[in-house]
Amino acid sequence: MARIDFRDQISRNKRKSFLLILIISIVFVLFGYVISFAFDPGYFFVVMIISVIFTLCYVLIGYYNSDKIAIASVKAKKASRTDYRSYYSLVEGLTIASGMPMPKLYIMDSPQINAFASGRNPEKAVICVTEGALKKLEKRELEGVLAHELGHIASYDMRYMTLVAVMVGMISIISQIFLRSLWFRNSRNDKAQLLFIILGILMAILAPIVVKLVQLSISRKREFSADASAVKFTRYPSGLISALKKIEKDPPSPKKKVSKALAPLFFSSPFKVLGKTHPPIKKRIEILEKM
């Protein structure tokens, strides 16, 4: 079996994520080009300015308050150092090994094995684990899960995914404005302009779908990178592999307190039917076993 170096895995997934961001950028430019020919070129700049302002306001408010929003959404409580001594000990050991600041630690009331990290930078980061993870995972397994979450923080994944969300949001808003504006267009257009209007309609329908699929793909790549970072911090992939195997067999929780918007933050999808934000567990285990 060919071995995989965790450094190569991290670099490879960063390159793939950059390529996917480039695809979103190309879709955005092509869409703008088509609209500028379908309508007056000045129209596109007006639409773009509106979409940029609206999207930035919406996403950046969420970005700067991501830790508070995530914690409040799942009704997590701050972990007491006295009651969760082992939890603190594991995270402190990992922060020393990785050279990262200590994040704030929280507990989520759920029997599922899961965890998530949030925060716009390492200084503002939080890690939250479920009661199920603390009860069902052994020390090495929990350490692997926590190292994975620290990997997300170290890679500034919240910042990266915010950039993607801004671009995806802009394309979606531009598509909606373009389609609605067709009702107010003069019906007398030359053949060339009609062609670009038809292309614009097709792109307005397809572009949001394409960029959403790309966004999900980027989310999956960041999971692979965080797995590799966990190996980098612990030098022990077996703990994370064992945790993933337990998650695969873990029954779904009857309490679905998690918003679908937060699903990409979690170590594994909190919804068994919502797997697109995460790579298949078997694939993650297969790669980790080669490290």
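At a glance:
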| quantity | calculated |
| --- | --- |
| Neighbours by Cβ (under 7 Å, 6+ apart or cross-chain): first from segment 93-112, assigned by TED's automatic domain parsing to the domain that holds ALA125; second in a loop (DSSP other than H, G, I, E, B) and among the acidic types (Asp, Glu) | GLN112/ASP250 |
| GLY151 over 27 Å from GLU248 (Cα atoms) and within 22 Å of the chain's Cα centre (by Cα) | no |
| Enumeration of residues in segment 207-246 that are of a type in the set (Ser, Thr, Tyr) and under 14 Å from ILE23 (Cβ atoms) | SER217 |
| Strands (runs of 3 or more DSSP E) contained entirely in segment 87-165, each with at least 3 residues that are under 30 Å from LEU22 (Cα atoms) | 115-118 |
| Residue match in segment 47-65 (condition: over 30 Å from ILE205 (Cβ atoms) and either hydrophobic (A, V, I, L, M, F, W, C) or at pLDDT 70 or above (or both)) | yes |
| Failed item, numbered, when GLN176 is tested on (1) within 30 Å of LEU202 (Cβ to Cβ); (2) within 23 Å of the chain's Cα centre (by Cα) | (2) |
| Per-region count, segment 118-159, residues within 22 Å of SER11 (Cβ to Cβ) and in contact with a strand residue (DSSP E or B) (Cβ under 9 Å, 6 or more places away or on another chain) | 8 |
| Residues (more than 17 Å from TYR236 (Cβ to Cβ) and either of a type in the set (A, V, I, L, M, F, W, C) or at pLDDT 95 or above (or both)) located in segment 137-154 | ILE153, ALA154 |
| Enumeration of residues in segment 76-86 that are surrounded by 14 or more Cβ atoms within 10 Å (Cβ to Cβ) and either part of a helix (DSSP H, G or I) or within 26 Å of the chain's Cα centre (by Cα) (or both) | ALA76, ALA79 |
| So ALA70, is it buried (at least 20 other Cβ atoms within 10 Å of the Cβ) and at pLDDT 75 or above | yes |
| Some residue of segment 190-212 being of a type in the set (D, E, K, R), at pLDDT 75 or above and surrounded by fewer than 22 Cβ atoms within 10 Å (Cβ to Cβ) | yes |
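The values are calculated or read from the model by the stated rules, or taken from the named source; none is laboratory data. No experiment lies behind these values; they were computed from the predicted model shown. Every residue, glycine among them, receives a Cβ derived from its backbone with ideal geometry; neighbour counts consider all protein chains shown.
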